[in-house]
Every structure is written in structure tokens, then in C-alpha cells.
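The values are calculated or read from the model by the stated rules, or taken from the named source; none is laboratory data. Here the structure is a predicted model, which is why all the values come from computation and not from measurement. Here the Cβ is made from the backbone with ideal geometry for all residues, glycine too, and neighbour counts use every protein chain on show. Accessible surface is based on the protein model in full, side chains and every heavy atom, while ligands, DNA and RNA are left aside. Shrake-Rupley method; radii C 1.70, N 1.55, O 1.52, S 1.80 Å.
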Amino acid sequence: MWTSFIGFMASGKSSVAAALGRGTGQPVVDLDREVERRARLAVPEIFRREGVAGWRRREADTLLALARRREILLATGGGLVEAPEARLLLRRRGLVVWLDAPWEVLRARLEREGPQRRPLIAHLGWEGLERLSWRRRRLYAACADFRLRSDRDDVAGLARSVLLRSLVWRRRGHGGRA
Ligand code: S3P
């Protein structure tokens, strides 16, 4: 069974997946890094050469290539949920957790981390990005089994909450949804 993390950029998907992986020994896959590894190109370079559509294509292909992995913690990219097939696949593979924080928190984190790895910041500007974050909420909500607020930067606490929820979820027999 997979546990997949969805949510907007800087919502904590990679950090929480990594913390949970350290705690449980489950393998962690970071989809952005996996796309980069397969393409042998960094995210901004893929956007520069192939645009958003090219990125989405690579993201979808990479997700499909992972589909035969059985037990992973998957940190997705914030836009993966734009593809209906991706939403379906995540749900079929297991539990889907939406990490959610208010726009102001996300923006502050993105400003701190800098725009180097996230070409959409320059592409859309802060206002465009905020609009995108609102538009995507409906997709995150449609795909997730549950939502966790991630504005407190408490990565270890969030990882523990996800672990508890996934144990309950498995016990209720959902582990076999795949
Ligand atoms: C994107 C989010 C990024 C990365 C790409 C596009 C998006 O991932 O996949 O830059 O469309 O929201 P993170 O959410 O890990 O930053």
C-alpha cells in the first residue's frame, strides 16, 4: 500500500514523507526528484525546454513507472493532481494525505527557499500562484482521504499523525483498495 502526500508547493510533502520514512523504514519516493533522475535534467531546465505541458507529461510517465512498487511513501509535486488519471492512481494505490497551509504561510516558505527550484514562481508571479493555490484546493480535496494542517512546521508531529491515521485506515480494511 502507498501513502501519498499531495498539496501545494511548500506544504511539507517531502519533509513529512521523509520523516515518516525514517520512522517506519518504508521507502520514500520524491516524485520531482524521480522525474529529474529519469530526465537527467533539473526541474527548471525541463520547464525551460518543454514548458508546463512537458513537465506534466514526464510527471505522469514517472508515476506510471512507479505503479508496480508495492509499499512506498510518495511525495508528489503540487501539480500532479491536475491529471484525473493521477488522482485515480493515487487513490487506487492506498492512502492519500493532503497537507494544507494558508497561502501566507506557503508564500513565506517559498520566499525563504527561493525561486531556483520552482519555475512556476517566476512564470505566474505571486498573484497567479495564489490563484492557482485556490483553484487546486478542490482537486486536493477530491483526491485526499484526509487533510492535515501543516502550518506549524511540526514535521515529526505530522508524520506521527499520518502513521496513526494509516494504521487505523489499514485496520478498517482499506489497505486492499489497490
Ligand atoms: C509544481 C510543483 C513542484 C514541481 C513543479 C510544478 C506545481 O513540486 O512539481 O515545479 O505545479 O505546483 P513541489 O510541490 O514539490 O514544489
Q) Once label points are set 7 Å from the Cα along Cα→Cβ at both E111 and R171, what is their separation, rounded to one decimal in nm? A) 4.4 nm
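Mind checking the per residue accessible area of the stretch 24-178 for me, 1.4 Å probe, whole number of Å²? Kindly include the intermediate steps, with their values, before the conclusion.
Working: 8860 Å² over 155 residues.
With all protein chains present, the stretch 24-178 gives 57 Å² per residue.
Work through the residues other than L110 whose Cβ is under 13 Å from its Cβ and net out their charges, Lys, Arg +1 and Asp, Glu -1.
Values: positive: R107, R109, R112, R117, R118; negative: E104, E111, E113, E130.
Result for the neighbourhood of L110: +1.
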(Q) Tell me the carbon and sulfur percent of the accessible area for the stretch 81-136, rounded to whole percent, probe radius 1.4 Å. (A) 53 percent
Q: For the stretch 84-178, evaluate the Debye formula with one uniform point scatterer on each Cα (no solvent term) and list log10 I(q)/I(0) at q = 0.10, 0.12, 0.23, 0.24 Å⁻¹, rounded to two decimals.
A: -0.35, -0.49, -1.22, -1.25
Q. In nm, to one decimal, how far is the R138 label point from the E104 one, both placed 7 Å along Cα→Cβ?
A. 2.6 nm
Q. Taking Cα centroids, how far is the stretch 105-174 from the stretch 20-92 in Å?
A. 15 Å
Q.
Given contacts defined as C-alpha pairs under 8 Å and at least six residues apart, what's the relative contact order of the chain, whole-number percent?
A. 37 percent
Q | P(r) tail fraction, the stretch 1-59 - alpha-carbon pairs more than 13 Å apart, % | A | 65 percent
Q | Rg to Rh, two decimals, where the chain supplies the alpha carbon set and Rh follows Kirkwood | A | 0.94
